[in-house]
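The values are calculated or read from the model by the stated rules, or taken from the named source; none is laboratory data. As the structure is a prediction and not an experimental result, all values here were calculated from the model. All Cβ positions, even for glycine, are placed from backbone atoms using ideal geometry, and neighbour counts span all protein chains on display.
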Amino acid sequence: MSGLDAIDRNIIRLLRLNARMSNTKLAAEVGLSPSACLRRINLLEQGGVIRGYTALVGNADGDNAIAVIINITLERQTEEHLNRFEAAVRKHPEIQECYLMTGGSDYLLRVEVENAGDFERIHKEILAKLPGVLRIHSSFSIRNVLVSRARRR
């Protein structure tokens, strides 16, 4: 994002806050005509800066989900083992985030669960069956102290 100007960065900031903002409103916010704004958005998409848009989905009862942070250590850290693990993770929508890490574990995953039983199911049916897993260390959140604007519902 270093090659972006202030208007591009402002467009990205506003879209992160509300990707459903109309082009007309977005253009007015950043000081461009609607056609110039749309042209910039298209360039940002074509250049891979904006890689997509998504819907953040909560549950019907106010989204009381518990975030679980999971550290995964693999048996081996070869490219083949890393690729197999990452391909398997992508098949499970329950795993909301996955990061290749430095330090004590190989991967950090984030899932959200309704309760301990829900996590037990994910642990048994998904995490324990991922290829090459040596160790799984999970931490449950007590409460969310800071919610990013992109995740606010």
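Only one residue in 62, 58, 48 is modelled with pLDDT under 90 and surrounded by fewer than 10 Cβ atoms within 10 Å (Cβ to Cβ). Which one?
62
For the range 28-41, which residues satisfy the criterion of being surrounded by 13 or more Cβ atoms within 10 Å (Cβ to Cβ) and closer than 21 Å to residue 52 by Cβ?
Residues satisfying the conditions are 30, 37, 38, 40, 41.
Those residues that are exposed (fewer than 12 other Cβ atoms within 10 Å of the Cβ) and either under 16 Å from residue 134 (Cα atoms) or among the β-branched types (Val, Ile, Thr) (or both), I need them from the range 83-97; list them, please.
If the condition is that a residue be exposed (fewer than 12 other Cβ atoms within 10 Å of the Cβ) and either under 16 Å from residue 134 (Cα atoms) or among the β-branched types (Val, Ile, Thr) (or both), then 83 is the only one that fits.
Listed here are the residues, each with its yes/no results for (1) in contact with a strand residue (DSSP E or B) (Cβ under 9 Å, 6 or more places away or on another chain); (2) among the charged types (D, E, K, R); (3) farther than 17 Å from residue 141 by Cβ; (4) in a strand (DSSP E or B).
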{"site": "29", "(1), (2), (3), (4)": "no, yes, yes, no"}
{"site": "40", "(1), (2), (3), (4)": "no, yes, yes, no"}
{"site": "45", "(1), (2), (3), (4)": "no, yes, yes, no"}
{"site": "82", "(1), (2), (3), (4)": "yes, no, yes, no"}
{"site": "96", "(1), (2), (3), (4)": "yes, no, no, yes"}
{"site": "105", "(1), (2), (3), (4)": "yes, no, yes, no"}
{"site": "119", "(1), (2), (3), (4)": "yes, no, no, no"}
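Check the range 133-145 and report whether any residue there is surrounded by fewer than 16 Cβ atoms within 10 Å (Cβ to Cβ), in a loop (DSSP other than H, G, I, E, B), modelled with pLDDT under 95 and of a type in the set (A, V, I, L, M).
Checked against the condition, which is being surrounded by fewer than 16 Cβ atoms within 10 Å (Cβ to Cβ), in a loop (DSSP other than H, G, I, E, B), modelled with pLDDT under 95 and of a type in the set (A, V, I, L, M), the range 133-145 yields at least one hit.
Take the range 12-26 and flag every residue that is modelled with pLDDT under 95 and of a type in the set (A, V, I, L, M).
12, 14, 15, 17, 19, 21
If you go through the range 27-41 one residue at a time, do you hit one that is at pLDDT below 95 and either among the charged types (D, E, K, R) or farther than 30 Å from residue 128 by Cβ (or both)?
No, because not a single residue in the range 27-41 is at pLDDT below 95 and either among the charged types (D, E, K, R) or farther than 30 Å from residue 128 by Cβ (or both).
Assess whether residue 100 counts as being of a type outside the set (Lys, Arg), free of Cβ contacts under 8 Å to residues at least 60 places away in the same chain and surrounded by 16 or more Cβ atoms within 10 Å (Cβ to Cβ).
Working: of a type outside the set (Lys, Arg): yes; free of Cβ contacts under 8 Å to residues at least 60 places away in the same chain: yes; surrounded by 16 or more Cβ atoms within 10 Å (Cβ to Cβ): no.
It is false that residue 100 is of a type outside the set (Lys, Arg), free of Cβ contacts under 8 Å to residues at least 60 places away in the same chain and surrounded by 16 or more Cβ atoms within 10 Å (Cβ to Cβ).
Could you tell me whether residue 67 is out of contact with any Phe, Trp or Tyr (no Cβ under 8 Å at 6 or more places or on another chain) and of a type in the set (Gly, Ala, Ser)?
no
Residue check, residue 123 against (1) farther than 13 Å from residue 74 by Cβ; (2) in a strand (DSSP E or B), all met but one. Which one?
Failed condition: (2).
Which residue pairs have Cβ atoms under 8 Å apart, sit 6 or more places apart or on different chains, and have a first residue in the range 51-66 that is under 21 Å from residue 138 (Cβ atoms) and of a type in the set (A, V, I, L, M) and a second that is modelled with pLDDT of 65 or more and in a loop (DSSP other than H, G, I, E, B)?
What qualifies is 65/114; 66/114; 66/115; 66/141.
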